[in-house]
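One structure is given below, represented as structure tokens, and several questions about it will come after.
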Amino acid sequence: MASILARTLKNYNGKCFLAHSLLSCPVICGSRTSFYGEYRRAGQPRDNSPPWKKIRFSFAKGVEGVQKHFGLLKEEILGRWVGPQGRPLKEHMLEQTRVQWDFRGPDSLKQWIVSSDQEIGGRSEVYLELSKNISTCLVHGTLCSTPPRDGETRYSGYCTLCSRRLLSSFDRKKHIDWTSFNTLHLRIRGDGRPWMINIATETYFSHQKNDMYNYFLYTRGGPYWQDVKIPFSKFFLSSRGRIQDNQHPIWLDKVNTIAFTLADKADGPFQLEIDFIGVCNDRAHTEDFAYELYKRNPEV
Amino acid sequence: MNCARRLARITIRGFAPYATVTARESAKCLNPYGSGVQTLRAFHAGFGHLKDQSVSRGDGHPRHEGSLVTHDSLFEQAAVEARTKAMFNRVLEVFVRKDIRRRGHVEFIYAALRKMPEFGVERDITVYNKLLDVFPKEVFVPRNFIQRMFNHYPRQQECAVQLLEQMENYGILPNVETKVLLVQIFGEKSHPMRKYQRLMYWFPKFKHTNPYPVPQDLPQDPLDLARLSLTRVAADPDACVTVYQMPSTDVSETIVADVSLPYVVGIQSPEQRSLLAKHNASRPVFVEGPFPLWLRKTCVYYYVLRADPVPPEEKVQEPVDPERSFFYPLELDLDLERDLGDDDSFDVDEVEEGPIFAMCMASRGDQATLAKWIAGLQQTNPVLGRAPTLFRLESVSREIQRAGESEPGAEPGLEEEPPHRQAMKQ
């Protein structure tokens with residue numbers, strides 16, 4: 001047992017894959033801890049439990065993990081014979097549109113996470129479910145912009161729907177490549193509130209981990225669906241919610257997640273229905289970047 | 001408390017020619033520590049004798065200097081009288097005149113920022129400029145490279161940045177006066193100046209990004225508000241708004257309680273009317289709602305007349321009338337080979353939803369009110385007289401739907417799930 005613990009501890013901080021153990025049951029640790037600790041808010045108790053307490057050994061989980069990961073590996077290897085990224089070469093080279101996420105069935109909701117300001121002590125609520133016609137997703141809840149009484153938070157009131165990042169077999173990172181497209185296409189139905197679209201891309205340095213590219217998503221409201229096309233050139237860079245001075249066009253080769261945030265300070269119920277999220281190539285759009293850059297402080 | 005007393009005195013000065021009695025009363029309520037006689041003496045002495053007052057002040061009043069008294073009390077005492085822009089400005093004037101060194105101005109500005117929504121001046125650029133004017137000029141401007149390199153007077157700079165941030169949150173664009181003030185106070189390259197530059201860069205860029213703009217001040221009349229929101233929801237310039245019932249309040253003699261008629265405003269486009277004309281009369285139409293619509297910070301509710309999606313066996317492909325356009329053919333039956341690179345459609349299943357025939361807004365969401373809408377629609381759409389109408393109104397607790405929850409004609413639970421309330425109307 002001690003050797004299990006030792007090996008698990010050794011592998012705990014990385015992508016851990018433990019093929020066998022003394023009990024001859026394969027254990028795959030799916031937990032991915034980040035290198036840097038999370039920010040602990042004021043009043044939140046410190047997590048002092050040792051890391052081995054957080055590992056749950058389970059035979060069923062191991063079997064499930066082996067099935068899942070080897071299945072993914074098999075798909076990956078066999079997909080190479082078909083073409084790049086498992087699609088025929090003609091399709092890969094000539095595609096003009098791609099549906100990245102759609103919501104046809106309950107399984108599609110597993111790729112999404114909702115979060116609200118309850119994480120920082122607020123009182124907003126957000127729920128994610130399929131709408132009545134089982135083919136679109138419905139994000140609904142209540143927004144409450146009362147800041148928590150912890151003495152340091154000044155603003156509160158947000159709700160977010162965020163996609164999970166894609167992982168290939170054995171929990172390796174997998175990125176979405178949108179370089180051949182220039183426009184984001186969404187089919188939504190809202191209630192008149194403005195949302196914000198956040199696209200997070202892979203970054204190199206750890207201080208860039210909060211970098212996101214944002215743009216606004218305005219909804220009309222009403223019973224009709226709304227097709228929204230947003231060129232990627234309009235997205236601007238922000239970090240920790242602040243627009244940065246040095247702007248650059250979004251790098252589309254390694255996109256990790258897309259998120260929708262509502263924080264319009266109007267307390268009350270909200271809802272947003274999403275049919276699909278796709279990207280397309282708008283050949284009439286030739287702009288590279290929508291924001292001109294000034295020299296800062298004549299020279300920095 | 002010193003400035004509170006001075007505020008009272010200025011109040012007296014302002015009001016003295018008009019009504020001395022009210023001025024005396026307001027002075028009393030503004031100044032809990034001083035006696036009425038003393039404030040009246042200040043009134044007689046006028047504004048030039050303020051220094052003598054501050055010397056003679058020591059007679060037994062509890063003084064709060066050095067203690068943790070915020071400047072909220074100044075605003076609270078002003079709020080007793082009136083919460084207006086004039087009163088807010090007067091408080092600022094009192095503070096500015098109190099001390100030539102402007103001691104405690106950072107705390108005062110933070111307190112003023114908190115109190116701004118209370119006084120209704122949070123969207124007023126002149127008030128923000130006046131608040132910036134409280135900062136002493138040219139004291140915080142760095143004079144040599146070391147001061148410029150390090151954060152010179154950081155608390156004051158943070159305070160000014162927060163003031164600008166509050167402007168940003170309320171969507172107020174700074175003007176040239178703000179810039180001049182910031183240059184005078186903090187210098188050319190300070191943090192507040194940088195914040196100002198960022199605001200001036202990004203605000204005009206995002207000013208007109210909303211393709212469905214909402215006016216800043218919504219109409220007060222509920223009919224106008226309903227008209228605005230229905231045209232927004234309908235998304236069709238051909239759609240026409242019809243007022244089916246004007247709001248009115250009748251006090252009848254026979255009944256004790258007054259009878260108020262709710263307004264009913266509907267919208268229908270010609271396309272929706274032709275859709276409704278093609279509707280199979282044996283299938284029911286539904287009145288659904290209420291659905292929320294947000295216009296900035298106000299939420300209105302609308303109702304929708306719709307039907308179930310047409311089953312595939314009933315769908316008929318109507319041939320396009322070739323004489324509808326004489327200039328170009330509406331249909332081309334060419335067998336053109338399309339390459340994969342020419343395909344701009346999305347590979348996704350269509351969402352099957354029923355057609356929408358009309359929309360309405362009503363001040364009361366009960367079935368009797370909405371039946372009036374249907375009755376009004378029948379005059380232009382005779383199909384509604386034949387097709388059964390089902391009311392699927394969600395029983396959410398809302399103040400708009402306060403009365404008439406139990407209708408005599410309501411038969412709950414026809415074929416629908418329990419949260420829906422519905423009834424048959426023929």
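Across every pair of different alpha-carbon atoms, what Kirkwood hydrodynamic radius in Å does region B:68-206 reach?
15.5 Å is the Kirkwood radius here.
Separate question: Can you compute log10 of I(q)/I(0) for region A:117-223 with the Debye formula, treating each Cα as one identical point scatterer, at q = 0.16, 0.18, 0.24 Å⁻¹?
One equal scatterer on each Cα of region A:117-223 leads to -1.06, -1.25, -1.39.
Each residue of region B:72-79 in turn: what ³J(HN,Hα) in whole Hz from Karplus with 6.51, -1.76, 1.60 and θ = phi - 60°, glycine and Pro shown as x?
4, 4, 4, 6, 5, 5, 5, 5
Work out the mean other chain Cβ neighbour count within 10 Å for the residues of B:347-354 and drop it here as an integer.
6
Please compute one quarter of the surface area of the Cα convex hull for region A:199-300 and express it in square nanometres.
Answer in nm², one decimal: 9.3.
Skipping prolines and chain starts, which residues have an amide H placed within reach, meaning under 5 Å, of the one on A:TRP112, given they are 5 or more residues away or on another chain?
Under 5 Å from the amide H of A:TRP112: A:ARG164.
Here's another thing I want to ask about it. Per-residue HN-Hα couplings for region B:303-312, Karplus 6.51 cos²θ - 1.76 cosθ + 1.60 at θ = phi - 60°, whole Hz, x for Gly and Pro?
The phi angles translate into 10, 10, 9, 8, 10, 5, x, 5, x, x Hz.
In addition: List the relative contact order of region B:139-247 as a percent without decimals, with contacts defined as Cα pairs under 8 Å and 6+ residues apart.
Once normalised by length, the contact order is 22 percent.
Per Stokes-Einstein, at 20 °C and 1.002 mPa s, what whole-number D in µm² s⁻¹ belongs to region B:273-340, with the Kirkwood radius over Cα pairs as the hydrodynamic radius?
In µm²/s, the coefficient is 127.
Could you work out the relative contact order of chain A? I mean the mean sequence separation of Cα pairs under 8 Å and 6+ apart, divided by the number of residues, in percent.
19
Any idea what diffusion coefficient region B:314-367 gets from Stokes-Einstein, in µm²/s, Kirkwood Rh on alpha carbon pairs, 4 °C, 1.567 mPa s?
75
Right, something else. Work out the mean other chain Cβ neighbour count within 10 Å for the residues of A:98-104 and drop it here as an integer.
Taking the mean over all residues of the peptide, I get 2.
Related question: Please compute the contact order of region A:61-138 in relative form: average sequence separation of alpha-carbon pairs under 8 Å and at least six residues apart, divided by the residue count, as a percent.
Averaging sequence separation for qualifying contacts and normalising by length gives 19 percent for region A:61-138.
So what's Rg/Rh here for region A:76-116, counting alpha carbon atoms and using the Kirkwood radius for Rh?
With Rh from the inverse mean 1/r over Cα pairs, Rg/Rh is 1.14.
With the radius of gyration and the Kirkwood radius both derived from the Cα set of chain A, what is their ratio Rg to Rh?
We get a ratio of 0.99 for chain A.
Oh, and also: Under 28 Å between alpha carbons, and skipping anything fewer than 8 positions from A:LYS68 in its own chain: which lysines qualify?
Result set, ordered by chain and number: A:LYS10, A:LYS15, A:LYS53, A:LYS54, A:LYS110, A:LYS173, A:LYS174, A:LYS254.
Could you compute how much accessible surface B:LEU74 exposes when probed at 1.4 Å, giving the result in Å² to the nearest 10?
Using a 1.4 Å probe on the heavy atoms, I get roughly 10 Å².
Further question: Sequence-distant or interchain residues sharing an amide H contact under 5 Å with B:GLN245, placed H: which?
Amide H neighbours of B:GLN245, under 5 Å, 5+ apart: B:VAL264.
I would also like to ask the following. Packing-wise, with mean Cβ within 10 Å as the measure, how do A:177-185, B:352-360 rank, highest first?
On the way: A:177-185: 18.0, B:352-360: 21.0.
Ranking the peptides A:177-185, B:352-360 by packing returns B:352-360, A:177-185.
Using square roots of five times the C-alpha gyration tensor eigenvalues, list the equivalent-ellipsoid semi-axes of region B:63-146 in whole Å, biggest first.
24, 17, 11
Give the average, rounded to an integer, of partner chain Cβ atoms located within 10 angstrom of each Cβ in A:215-221.
5
Work from the charge dipole of chain A (Cβ charges, +1 for Lys and Arg, -1 for Asp and Glu, about the Cα centre) and give the residue of A:ILE55, A:LEU138, A:VAL279 farthest towards its positive end.
Selected residue: A:ILE55.
For the full complex of protein chains and a 1.4 angstrom probe, list A:HIS207, B:HIS279 by accessible area with the highest value first.
A:HIS207, B:HIS279
Continuing with the same structure: Please list the non-local residues whose amide H lies under 5 Å from the amide H of A:TYR218, H modeled 1.01 Å from N, same-chain partners needing a gap of 5 or more.
A:TRP195
By per-residue mean of other Cβ atoms within 10 Å, what is the highest-first order of B:288-299, A:87-98?
On the way: B:288-299: 18.7, A:87-98: 14.3.
Top of the packing list down: B:288-299, A:87-98.
What figure in square angstrom, to the nearest 10, would you give for the accessible area of B:VAL320 with a 1.4 Å probe?
For B:VAL320, solvent-accessible area is about 60 Å².
Under a point-charge model restricted to the Cβ atoms of Lys and Arg (+1) and Asp and Glu (-1), what is the dipole moment magnitude of chain A relative to its Cα centre, in debye to the nearest 20?
Rounded to the nearest 20 debye, it is 1020 debye.
Among B:TYR201, B:HIS71, B:LEU164, pick out the residue whose Cα is farthest towards the positive end of the charge dipole of region B:68-206, where Lys and Arg carry +1 and Asp and Glu carry -1 on C-beta, about the Cα centre.
Farthest towards the positive pole: B:TYR201.
Given the whole protein assembly as supplied and a 1.4 Å probe, what does the accessible area of A:PHE205 come to in Å², nearest 10?
110
So, one more: Can you work out ³J(HN,Hα) from phi for every residue in region B:221-228, in order, using Karplus 6.51 cos²θ - 1.76 cosθ + 1.60 and θ = phi - 60°, giving whole Hz and x for Gly and Pro?
In residue order, the calculated couplings are 5, x, 5, 5, 5, 5, 5, 4 Hz.
The values are calculated or read from the model by the stated rules, or taken from the named source; none is laboratory data. Computed from a predicted model, the values in this text were never measured in an experiment. Counting neighbours? That spans all protein chains shown, and the Cβs are built from the backbone with ideal geometry, glycine included. In case anyone asks, the SASA skips ligands and DNA or RNA and just uses the protein heavy atoms, side chains included. Shrake-Rupley method; radii C 1.70, N 1.55, O 1.52, S 1.80 Å.
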